[in-house]
1. Kindly give Rg over Rh for the stretch 124-173, based on alpha-carbon atoms, with the Kirkwood expression for the hydrodynamic radius.
2. Over the stretch 1-115, average the accessible area per residue using a 1.4 Å probe and give it in Å², no decimals.
3. For the chain, what is the Kirkwood estimate of the hydrodynamic radius, computed as the reciprocal of the mean inverse distance between distinct Cα atoms, to one decimal in Å?
4. With all pairs of different alpha carbon atoms counted, what Kirkwood hydrodynamic radius in Å does the stretch 1-138 show?
5. Taking the alpha-carbon centroid of each part, what is the distance from the stretch 72-147 to the stretch 249-327 in angstrom?
6. What residue among 278, 359, 191 shows peak mean-square fluctuation when the chain is described by a Gaussian network model with Cα springs under 10 Å?
7. About the Cα centre of the stretch 1-101, what is the dipole size in debye to 20, counting +1 per Lys and Arg Cβ and -1 per Asp and Glu Cβ, all else neutral?
8. So for the chain, taking the charge dipole from beta-carbon charges (+1 Lys/Arg, -1 Asp/Glu), which of 88, 216, 175 sits furthest toward the positive end?
Amino acid sequence: MKKAVFVYSPEQLGYKFSDTHPFNHKRLTLTMDLLKNIHALDDLDIVPARVATDEELLLAHDPKYIDIVKKAGHGELSEAQCESYGIGTEDTPIFENMHEASAQLVGGTLTAVDYVMEGKAGHALNLGGGLHHGFRGRASGFCIYNDSTVAIRYLQEKYNARVLYVDTDAHHGDGVQWSFYEDPNVCTLSIHETGRYLFPGTGNITERGNGQGYGTSFNFPMDAFTEDESFLDIYEQSMREIFEFFKPDVVLTQNGADAHYFDPLTHLHGTMNIYREIPKLAHQLAHEYCDGKWIAVGGGGYDIWRVVPRAWSMLWLEMTDQKCPTGPLPQAWLDRWQPEAPVPFIPTWEDPIPLYEPIPRKAEIEEKNAQMLAKALHIIRNEKRD
């Protein structure tokens with residue numbers, strides 16, 4: 001059995017709204033090239049992403065919606081005809097062959113699932129996935145099909161698995177949460193910037209699930225300008241409590257890289273430290289509770305030059321038990337991509353210290369986050385006793 005596989009096909013780059021849209025899968029190319037430059041990714045590690053079938057997409061999406069996506073991508077519908085389905089909007093514009101490109105991303109996550117669940121690899125990574133805002137009959141927030149929702153349903157139907165979904169994107173993982181809100185065999189954990197300031201506006205600690213699924217939805221909304229220490233304290237405590245509480249068969253992590261200070265769409269003040277630590281704990285707990293079964297996908301991350309390649313490289317390095325480098329990034333990688341980048345690269349694996357000016361409200365933000373965490377953990381511990 002391989003330690004881990006890296007799921008990728010060039011066709012995943014076809015998920016492209018426009019040259020100026022913030023969602024840009026050139027970040028996949030940048031990440032892979034960085035890993036190859038440090039000899040951390042070999043061609044033998046890479047497995048091709050398959051295309052999800054319509055039957056598989058129907059695990060999470062309405063047939064009429066899938067038909068709309070197909071027709072829109074083939075130029076058969078106007079923006080006005082698609083708008084009620086969340087397509088043809090500023091966030092999610094129509095692009096050519098959008099169904100095919102979206103199905104490729106979903107298929108990549110299903111490929112990762114099969115490799116892990118069939119025992120061909122301990123872990124699997126599909127950085128092209130992580131489109132967590134997609135709904136059953138509507139696109140949202142750059143996401144057409146929700147690969148994580150499809151994958152979790154697939155895990156349930158094919159492998160009868162009890163699934164823990166962990167989302168550390170700065171935006172709340174709403175599409176996945178609502179898909180399993182009444183399902184007691186799927187637990188969703190989202191750590192994100194509060195919806196008071198940021199799309200999609202959901203993810204409050206009071207969103208706990210419904211019916212038989214009550215008590216399996218967990219949210220940890222952080223205040224804007226949250227820094228590393230507070231982020232990681234919330235992450236570690238919530239992860240340990242919820243793994244112990246839910247005892248999953250497999251963990252699926254969504255690894256958005258948009259909680260970084262440089263991200264243009266969010267207001268958190270993370271540094272590369274959080275992207276070193278997030279996969280370490282996920283890896284450890286997957287082995288403690290799930291016999292190592294860990295599937296990881298990408299997600300948000302809109303500074304594709306200075307942040308995403310480093311963050312996602314750290315994820316793969318942790319998955320494969322390779323030591324994360326320190327010091328300078330490979331000069332060949334910097335020389336290749338700096339001419340294209342609109343911003344100067346950070347030339348090292350670490351961020352410079354200080355990365356930003358001190359935050360005047362630091363103590364207040366940390367206290368608010370600590371109170372939120374204490375309240376959420378109190379709920380979990382009470383439910384354990386019940």
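1. 0.97
2. The answer is 44 Å² per residue.
3. Taking the inverse mean of 1/r over all distinct Cα pairs, the chain comes out at 20.8 Å.
4. After inverting the mean inverse Cα-Cα distance, the result is 16.0 Å.
5. 21
6. With Cα springs under 10 Å in the chain, the top fluctuation among 278, 359, 191 is at 359.
7. 440
8. Comparing the listed Cα positions along the dipole, 216 ranks first.
The values are calculated or read from the model by the stated rules, or taken from the named source; none is laboratory data. Keep in mind it's a predicted model, so treat the numbers as computed, not measured. We place every Cβ from the backbone using ideal geometry, glycine too, and count neighbours over all the protein chains shown. What goes into the accessible areas is simple: the full protein's heavy atoms, side chains included, and nothing from ligands, DNA or RNA. Shrake-Rupley method; radii C 1.70, N 1.55, O 1.52, S 1.80 Å.
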